[in-house]
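Shown next, in structure tokens, is the structure this report addresses.
The values are calculated or read from the model by the stated rules, or taken from the named source; none is laboratory data. Every value quoted in this text rests on a predicted model; they were computed, and no experiment measured them. Here the Cβ is made from the backbone with ideal geometry for all residues, glycine too, and neighbour counts use every protein chain on show. Note: accessible area is taken over every heavy atom of the protein model, side chains too, but ligands, DNA and RNA are not part of it. Shrake-Rupley method; radii C 1.70, N 1.55, O 1.52, S 1.80 Å.
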Amino acid sequence: MSLDGKHVLVGVTGGIAAYKSPHLVRRLRDAGADVRVVLTASAERFVTALTFQTVSAHPVPTGLWDPAAETGMAHIELARWADLILIAPATAEAMAKLAIGAADDLLSTLCLASEAPLVLAPAMNRIMWAHPATQANRATLESRGVRFLGPGIGTLAEAESGPGRMLEPLEIVAALAEPGPLAGVSVLVTAGPTREPVDAVRYVSNRSSGRMGYAVAAAAARAGAAVTLVSGPVALAAPAGVERVDVETAAEMHVATMAKAADADIFIATAAVADYAPADPAASKIKKSDAALDIKLEPTVDILAAVAALADGPFTVGFAAETDDVEANARAKLEKKGLDMIAANRVGAGQGFETDDNALTVLWSDGRKDLARAPKPALAMQLVDLIARRYANRNR
Ligand code: CTP
């Protein structure tokens with residue numbers, strides 16, 4: 001990701017490594033970022049707001065209630081302004097507060113109020129870092145998509161040595177500026193259910209929430225891809241930086257997807273497309289009667305198979321929702337539809353649909369990888385990493 005023109009909010013928490021943070025702000029600005037700084041009360045014991053005002057060329061709000069902020073709510077303004085939030089140094093205390101979602105000062109509140117990616121550069125005593133409480137907080141934060149840079153191993157303030165040192169400012173800037181694994185790649189994602197009309201007011205649909213597909217689209221965007229999301233009706237906002245095309249029926253999803261597929265490098269079909277649609281939907285509302293009602297269903301077009309069949313089409317990834325023989329059924333789909341990869345999950349009995357967590361078995365022609373149960377955003381990041389690696393090796 002290039003930092004040129006990016007709005008980077010730097011949070012400084014109270015550790016001795018805070019003495020490096022003004023230097024970090026300078027280096028971020030050298031890389032083209034527009035930087036604003038928020039200090040916690042304990043950070044102010046180590047460094048002053050005035051220092052950061054000078055190096056960032058912006059005023060440094062210190063409290064939650066800032067009369068100078070237009071709305072009187074600095075946290076909301078800053079949360080919206082930030083393209084990226086970087087906390088450096090991040091103390092054990094800061095990690096604990098983020099993990100539980102505390103909101104008792106400006107920095108913790110704006111982190112809770114922002115959808116911007118969050119990056120932490122931890123710095124603390126090596127025993128505090130290794131403590132199970134800190135490691136549990138790290139795991140929780142990572143599962144929500146928070147990225148950790150460091151800590152590095154080296155001499156700590158107390159003349160001890162071990163993991164706990166904040167990375168050097170230039171190392172942090174280099175890690176942030178590194179292009180993602182999908183930089184320059186265009187990714188097309190389908191997500192959500194489709195609705196197939198029965199009559200003017202009724203439809204046939206399924207329980208898909210769209211959460212997995214939206215998480216995949218967000219993860220691909222974070223990996224640097226240009227992402228188009230063809231979405232059935234869901235109650236979710238489009239992830240930041242993703243172009244969304246709204247559709248309702250399988251036929252509409254087919255048309256919208258094919259219009260974009262030729263220009264896509266990677267196609268990921270997460271949508272729970274209806275396999276059948278009423279053959280002859282009634283134009284007006286069907287009236288109730290005592291007789292049984294037969295609705296004839298016809299197969300819809302298999303969008304995934306259609307994209308996989310394109311000459312020079314994208315690298316194609318399907319999903320398989322299975323109740324039995326998950327791996328064997330998914331491998332059969334991989335082969336039958338001519339896919340590059342398939343991500344299989346077990347559904348039913350409280351798994352897969354309408355849940356926050358999921359687990360996947362990802363298969364390709366000569367390999368497989370299990371992705372353990374995790375919240376959908378974290379799982380999507382792992383899946384996108386795997387897709388990026390297979391995509392990079394596609395012609396080898
Ligand atoms: N898919 C699609 N278009 C359809 C149906 C499915 O693009 N009309 C895609 C889904 O997005 C998913 C994969 O195909 O990536 C699912 O494969 P499919 O064979 O449809 O799975 P099931 O419907 O579960 O098949 P079956 O009922 O045979 O298990």
Cα gyration tensor shape for the stretch 270-354, rounded if a/c is under 1.5, else prolate or oblate = oblate
ask   = Fully extended, how many nm does the chain gain between ASP366 and ARG202 (0.36 nm per residue separation, minus their Cα-Cα distance)?
value = 54.6 nm
key: the stretch 78-216 - Rg over Rh from alpha carbon coordinates, Kirkwood radius   = 1.13
key: FRET E, pair ALA237, GLU158, Förster distance 56 Å, beta-carbon r, rounded to 0.05   = 0.75
remark   = Note: the stretch 1-124, point scatterers on Cα, Debye, no solvent; log10 I/I(0) at q = 0.10, 0.19, 0.23 Å⁻¹ equals -0.25, -1.01, -1.54
inquiry  = Give the lysines reachable from LYS288 as a straight Cα distance under 21 Å; neighbours fewer than 8 places away on the same chain don't count.
reply    = LYS296
query = Between ALA283 and HIS7, what length in nm is gained on full extension when 0.36 nm per residue of separation is reduced by their alpha carbon distance?
reply = 94.3 nm
task = Two decimals is fine: what's Rg over Rh for the stretch 134-196, C-alpha atoms, Kirkwood radius as Rh?
result = 1.21
ask   = Which value in Å does the Kirkwood hydrodynamic radius of the stretch 294-396 take, with 1/r averaged over all unlike C-alpha pairs and then inverted?
value = 14.7 Å
key: Nearest-0.05 FRET efficiency for ILE16 and PHE148, computed from C-beta distance (R0 22 Å)   = 0.70
request  = In debye, nearest 20, what is the charge dipole magnitude of the stretch 198-353 about its Cα centre with +1 on Lys and Arg Cβ and -1 on Asp and Glu Cβ, if you could check?
outcome  = 460 debye
request  = Quick one: accessible surface of THR40, probe radius 1.4 Å, all protein chains present, in square angstrom to the nearest 10.
outcome  = 20 Å²
task = Determine the shape class of the stretch 123-170: with a ≥ b ≥ c the square roots of the Cα gyration tensor eigenvalues, call it rounded for a/c under 1.5, and otherwise prolate if a/b is greater than b/c, oblate otherwise.
result = oblate
request  = Using only protein heavy atoms and a 1.4 Å probe, report how much of TYR19 is accessible, in Å² to the nearest 10.
outcome  = 150 Å²
Against the rule of thumb 2.2 N^0.38 Å, how large the Cα Rg of the stretch 83-130 comes out = 1.14
ask   = With a ≥ b ≥ c the root eigenvalues of the C-alpha gyration tensor of the stretch 152-229, is it rounded (a/c under 1.5), prolate (a/b larger than b/c) or oblate?
value = prolate
ask   = Straight-line reach from LYS260: which lysines have Cα under 30 Å away, leaving out those fewer than 8 places along the same chain?
value = LYS6, LYS333, LYS336, LYS337, LYS369, LYS376
message = Can you compute the FRET efficiency between HIS23 and ARG389 using 1/(1 + (r/R0)^6), with r the Cβ-Cβ distance and R0 = 41 Å? Round to the nearest 0.05.
response = 0.75
ask   = How would SER205, SER365, SER284 line up by accessible area, probe 1.4 Å, largest first?
value = SER365, SER284, SER205
request  = Enter the Cα centre distance for the pair the stretch 317-350 and the stretch 1-47, rounded to the nearest angstrom.
outcome  = 45 Å
message = Give me P(r) over the stretch 168-309, computed from all C-alpha to C-alpha distances, binned every 10 Å, as integer percentages.
response = 12, 35, 27, 15, 7, 3, 1, 0
request  = Using amide H atoms built 1.01 Å from N in the peptide plane, name the residues 5+ places from VAL38, or on other chains, whose amide H lies under 5 Å from its own.
outcome  = VAL10, GLY11, VAL12
query = For the chain, what does the equivalent ellipsoid look like in terms of its semi-axes, each the square root of 5 times an eigenvalue of the Cα gyration tensor, given largest first in whole Å?
reply = 45, 23, 19
